[in-house]
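Values in this text are rule-based calculations from the coordinates and carry no lab data. It should be emphasised that the depicted structure is a prediction, and the values quoted were computed from it without experimental measurement. Quick reminder, even Gly has a Cβ in these numbers, built from the backbone with ideal geometry, and neighbours come from all protein chains shown.
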Amino acid sequence: MTDQTPFDAMMQMGQDWAKSMNVDMDALTPKGFENLWPTMPAETMELFFGKGINSGGLDAKTRLLLALAGLTVLGAQAEAQIRQTVRHLVEAGATKQEIAEAIAQMGLFAGAPAMTKAMELATEVLEKDESA
């Protein structure tokens, strides 16, 4: 018999799974969850999210800017998704200015706290990207 609760056992299984996916992860944490998935190459994003499906539609960068705006207007609560979207935006060719403007525009609809939180998350990713 084990002293582990079912929740603890489930969390340990999740951490073991995460380690098998990425040996550099010490533990599966919500803050680092997006590290389980690599950034897609720009060509792949364009194929699946951009003009690869609809040649007359929006490109992948524009779609990702819209996704970032949507995540911001929801209150910037989905931190992992915001960080991952910013990573993908950089890969898709978005500039820091474009990313900042997409977030700032949502400040009019979501308010300053949501805009500030999203800007902090984006800055965290962009600074990490610069130092890499």
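Some values worked out for this structure:
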| read-out | value |
| --- | --- |
| Listed residue pairs exceeding 20 Å between alpha carbons, taken from LYS96/LYS117; LYS61/LYS117; LYS61/LYS96 | LYS61/LYS117 |
| Shape call, the range 50-132: gyration tensor on alpha carbons, a/c limit 1.5 | oblate |
| Set of lysines with alpha-carbon distance to LYS19 below 22 Å, sequence-local pairs under 8 removed | LYS31 |
| Mean Cβ count within 10 Å, highest first, over the residues of peptides 110-122, 39-51, 4-16 | 110-122, 39-51, 4-16 |
